[in-house]
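S.K.: One structure coming up, written as structure tokens, with questions to follow.
The values are calculated or read from the model by the stated rules, or taken from the named source; none is laboratory data. Computed from a predicted model, the values in this text were never measured in an experiment. Cβ placement follows ideal geometry from the backbone for every residue including glycine, while neighbour counts extend to all protein chains displayed. What goes into the accessible areas is simple: the full protein's heavy atoms, side chains included, and nothing from ligands, DNA or RNA. Shrake-Rupley method; radii C 1.70, N 1.55, O 1.52, S 1.80 Å.
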Amino acid sequence: ENFFESTLKKESGESENILRPKYFVDFPGQDQVKERLSIFVEAAKMRDEAMGHFILSGPPGLGKTTLAYIVANERGKGIKTSSGPVLEKPGDLAGLLTSLTDGDILFIDEIHRLPIAIEEYLYSAMEDFFIDIMIDQGVGARSVRLNIPKFTLVGATTRLGLCSAPLRSRCQHVHRLEYYSPEELGRIVKRSSELIKCEMDHQASDEVAGRSRGTPRIANNLLHWVRDYAQVKADGFVTLELANKALNMLNIDSNGLDEMDKKILKTIAFNFECGPVGIKNIAVSVGEEVGTLEEVYEPYLIQEGYLVRTQTGRVISRKTKQMLGVQENQSNEQ
Ligand code: ATP
């Protein structure tokens, strides 16, 4: 498993909490989403109501969880969190819902992975703020209706397409998070470096930002690595040269592509004559699941112009061919 993969999957624990911005002003990037959410919060505050339910969608590590916490803070309400695959029984959800107070947020990560029975159970809670729970078993079993506080459901998903229509229709908004620009990531790295007391110059923080695949979580993890490296190999101050050495050691190239990104592009280039090729074939060749390719790898490669999705399959762009040294006439024209 390469560095990016472990970084994308793992929560890095304590440090993630320290680095997590608490208010909109500390959160660089996602300007449109922030603006819409802050109006949404203000209006709810003015009317002293619970906000409508909403979904945050986008690739891992872009700040969905962080934004949910920020919204709760800005609204001055509490937040409880859970995740789709963890909620197995209606009782799990009932326990969470009854622990909330008016206006609180219930954050469900990976909401597209909620079991269908739980999702259906959630509908009455979202719409009319009640749930039916079963008391006793066997002949004495009966259903009791329980009113629950007026909460706000915030669902996070990496795969909006897998969220059911009934769930989406019960949400007031869907906000899509985008990959961050190098400039925005630069601000995040600067902020994080001050918080973890890592001294570095401007060029070094820009270098870390530029190699972070548009993703704050990766930026923060690379920053920790660069700090370790500078501490052990030098006096702790991170210069551009040190940052480069540290990052090269992790095989992160200067375009910010990781090993799987490059494997995907090379597979299309050399095994499939630059495409078009179907996603299933790519998945088999690189040994990764179709879903992961679609939700984690492709969006970035497409946004950065390395990969193009056509009706007949994926093809690599001219930029990729140049990067890989593929002759134009060796491949299908693109
Ligand atoms: P996942 O879906 O994988 O849980 P996520 O989209 O919920 O990811 P977060 O957990 O919110 O992502 O963010 C990952 C890390 O990146 C956190 O440490 C958070 O502090 C940091 N982060 C995310 N967005 C920003 C930002 N705009 N500014 C500063 N730090 C950020």
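S.K.: Which of (1) at pLDDT below 95; (2) closer than 30 Å to residue 27 by Cβ; (3) surrounded by fewer than 21 Cβ atoms within 10 Å (Cβ to Cβ) does residue 237 not meet, given it meets every other one?
M.R.: (1)
S.K.: Please enumerate the residues belonging to segment 140-157 that are closer than 18 Å to residue 106 by Cα and open to solvent by less than 40 Å² (accessible area, probe 1.4 Å).
M.R.: Of everything in segment 140-157, those that are closer than 18 Å to residue 106 by Cα and open to solvent by less than 40 Å² (accessible area, probe 1.4 Å) turn out to be 148, 149, 151, 152, 153, 154, 155, 156, 157.
S.K.: Quick check on residue 228: is it in contact with a Pro (Cβ under 8 Å, 6 or more places away or on another chain), modelled with pLDDT of 95 or more and surrounded by fewer than 22 Cβ atoms within 10 Å (Cβ to Cβ)?
M.R.: So residue 228 fails the test.
S.K.: Can I ask one more? Hey, can you tell me all the residues within segment 95-112 that are open to solvent by less than 10 Å² (accessible area, probe 1.4 Å) and among the small types (Gly, Ala, Ser)?
M.R.: 103, the sole residue that qualifies.
S.K.: Output the number of the condition that residue 10 fails; it satisfies all remaining conditions of (1) open to solvent by 50 Å² or more (accessible area, probe 1.4 Å); (2) near the ligand (Cβ under 10 Å from one of its atoms); (3) basic (Lys, Arg); (4) at pLDDT 95 or above.
M.R.: Only one criterion is unmet by residue 10, namely (4).
Conditions tested, residue by residue: (1) touching a strand residue (DSSP E or B) at 6+ places or on another chain (Cβ under 8 Å); (2) within 23 Å of residue 20 (Cα to Cα); (3) more than 16 Å from the ligand (Cβ to nearest atom); (4) in a loop (DSSP other than H, G, I, E, B).
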| position | (1), (2), (3), (4) |
| --- | --- |
| 207 | no, yes, yes, no |
| 217 | no, yes, no, no |
| 220 | no, yes, no, no |
| 223 | no, yes, no, no |
| 227 | yes, yes, no, no |
| 242 | no, no, yes, no |
| 251 | no, no, yes, yes |
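S.K.: While we're looking at this one, here's another question. Quick one: in segment 123-148, which of the residues that are hydrophobic (A, V, I, L, M, F, W, C) and part of a strand (DSSP E or B) is farthest from residue 167 (Cα to Cα)? Steps first, answer last, please.
M.R.: From segment 123-148, those hydrophobic (A, V, I, L, M, F, W, C) are 125-126, 129-131, 133-135, 139, 141, 144, 146, 148; that's our starting set.
From what's left, part of a strand (DSSP E or B): 130-131, 133-135, 144, 146.
Numbers: 130: 16, 131: 16, 133: 21, 134: 23, 135: 27, 144: 24, 146: 21 Å.
So the residue we want is 135.
S.K.: Just to check your reading of the model, which residue among 238, 226, 208 is under 24 Å from residue 58 (Cβ atoms) and not acidic (Asp, Glu)?
M.R.: Among 238, 226, 208, only 208 is under 24 Å from residue 58 (Cβ atoms) and not acidic (Asp, Glu).
S.K.: Which one of the conditions (1) at pLDDT 95 or above; (2) within 16 Å of the ligand (Cβ to nearest atom) does residue 201 fail to meet, given that it meets all the rest?
M.R.: Every listed condition holds for residue 201 apart from (2).
S.K.: Taking only segment 13-25 into account, find how many residues are at pLDDT 95 or above, more than 7 Å from the ligand (Cβ to nearest atom) and surrounded by 14 or more Cβ atoms within 10 Å (Cβ to Cβ).
M.R.: Counting residues in segment 13-25 that are at pLDDT 95 or above, more than 7 Å from the ligand (Cβ to nearest atom) and surrounded by 14 or more Cβ atoms within 10 Å (Cβ to Cβ) gives 1.
S.K.: Does residue 167 count as open to solvent by 30 Å² or more (accessible area, probe 1.4 Å), away from the ligand (no atom under 12 Å from the Cβ) and of a type in the set (A, V, I, L, M, F, W, C)?
M.R.: No.
S.K.: Same structure, new question: Among the numbered criteria (1) over 30 Å from residue 133 (Cβ atoms); (2) surrounded by 13 or more Cβ atoms within 10 Å (Cβ to Cβ); (3) away from the ligand (no atom under 16 Å from the Cβ), which single criterion is violated by residue 90?
M.R.: (1) is the only condition that residue 90 fails.
S.K.: Filter segment 48-86 down to the residues that are more than 9 Å from the ligand (Cβ to nearest atom) and over 18 Å from residue 151 (Cα atoms), then identify the one that is least open to solvent (accessible area, probe 1.4 Å). Spell out how you get there, then give the answer.
M.R.: First, pick out the residues of segment 48-86 that are more than 9 Å from the ligand (Cβ to nearest atom): 48-55, 57, 70-82, 84-86.
Next, from what is left, pick out any that are over 18 Å from residue 151 (Cα atoms): 57, 85-86.
Details: 57: 8, 85: 49, 86: 97 Å².
So, considering only residues that are more than 9 Å from the ligand (Cβ to nearest atom) and over 18 Å from residue 151 (Cα atoms), the one least open to solvent (accessible area, probe 1.4 Å) is 57.
Yes or no, residue by residue, for (1) among the charged types (D, E, K, R); (2) touching an Asp or Glu at 6+ places or on another chain (Cβ under 9 Å); (3) free of Cβ contacts under 8 Å to residues at least 60 places away in the same chain:
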| site | (1), (2), (3) |
| --- | --- |
| 141 | no, no, yes |
| 155 | no, yes, no |
| 170 | yes, yes, no |
| 174 | no, no, no |
| 178 | yes, no, no |
| 186 | no, yes, yes |
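S.K.: Listed residues 201, 253, 258, 206; which is under 29 Å from residue 30 (Cβ atoms) and touching a Pro at 6+ places or on another chain (Cβ under 9 Å)?
M.R.: 206
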